[in-house]
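Undergrad: Below is the structure I would like to discuss, written out as structure tokens.
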Amino acid sequence: MNVILPVVYLGNIEYYSLLKNAEEVFFDLHGHYLKQNFRNRTEIYGANGKLDLIIPVEKHKNHTALGDIKISYDHFWQKQHWKSIASAYRSSPYFEFYEDEMEEIFMKKYTHLVEFNLALQTKILEYLSLSPKVTFSKEHLMTIEGFTNYRGYFTPKQKSLEVPKEPYNQVFEDKYGFIPNLFILDLLFNEGPNSINFL
């Protein structure tokens, strides 16, 4: 299977299920950046249920390419996001195995949103031992022969893909039950090396 994917902020489990099953992945860096999508937001399981973490971006013109979107550092969002993640997952079985490397990425200052997202994604693919053939766009292409386009699937309002949602242990499931399809770190922090079997 060959897929076209957006570059997202800590993609959800469905996103990484596609990456696991892909022989080749085409990452679109030149499509228009749209608000209300997972390019700059992710969903975690906090003490009060599902929690959105949103990366602030600098003002930009309509139809700006994703690769040109710059991160705003007017607020200390990096520390806030990492504090929220650490608070939610510190008691999970595998948090300490990934903590140092993840925190290091979160504390580094990246100019462009794509740079930060790819730094996280590279590390997560390493954790999952996934190595699909990757191509980055040099221009915006609506379709590519032989590739299935999943760019429009990763928005908060989009109906999820038909990917099995096998439950696993979650830190706060006693309070709110199992929440499927959260960001990939929810799976990694709870299942560690066994995560690949849930994708």
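The values are calculated or read from the model by the stated rules, or taken from the named source; none is laboratory data. Worth saying up front: this structure is predicted, and the values here are computed from it rather than measured. Neighbour counts are summed over all protein chains in view; Cβ atoms, including those assigned to glycine, are modelled from backbone coordinates with ideal geometry.
Undergrad: Which pairs do you get when a residue that is at positive phi and modelled with pLDDT of 95 or more, found in segment 175-199, comes within reach of a residue that is outside any helix (DSSP H, G or I) and surrounded by fewer than 20 Cβ atoms within 10 Å (Cβ to Cβ), reach meaning Cβ atoms under 9 angstrom, with the pair 6+ apart or on two chains?
TA: Matching pairs, first to second residue: 192/93; 192/94.
Undergrad: Another question about this same structure. What are the residue pairs meeting all of these: first residue in segment 99-120, first residue free of Cβ contacts under 8 Å to residues at least 60 places away in the same chain and closer than 15 Å to residue 42 by Cβ, second residue in a helix (DSSP H, G or I) and among the aromatic types (Phe, Trp, Tyr), Cβ atoms under 8 Å, and 6 or more apart or on different chains?
TA: Sorted first by the residue in segment 99-120, then by its partner, the pairs are 105/116; 106/82.
Undergrad: Tell me, which residue of segment 72-100 that is within 16 Å of the chain's Cα centre (by Cα) and of a type outside the set (S, T, N, Q) is nearest to residue 194 (Cα to Cα)?
TA: Step by step, filter segment 72-100, then rank; the result is 98.
Undergrad: Sticking with this one: May I ask you to list pairs of residues, at least six apart or on different chains, whose Cβ atoms are under 8 Å apart, with the first in segment 55-68 being free of Cβ contacts under 8 Å to residues at least 40 places away in the same chain and the second being of a type in the set (Phe, Trp, Tyr)?
TA: 56/77; 60/33; 64/33
Undergrad: What are the residues in segment 33-67 that are surrounded by 13 or more Cβ atoms within 10 Å (Cβ to Cβ), over 18 Å from the mean Cα position of the chain (by Cα) and not in a loop (DSSP other than H, G, I, E, B), if any?
TA: The answer is 65, and nothing else.
Undergrad: Would you say residue 120 is outside any loop (DSSP other than H, G, I, E, B) and either modelled with pLDDT under 95 or closer than 21 Å to residue 51 by Cα (or both)?
TA: yes
Undergrad: Same structure again: Quick check: is even one residue across segment 9-25 in contact (Cβ under 8 Å) with a residue 60 or more places away in the chain, surrounded by fewer than 20 Cβ atoms within 10 Å (Cβ to Cβ) and over 30 Å from residue 169 (Cα atoms)?
TA: yes
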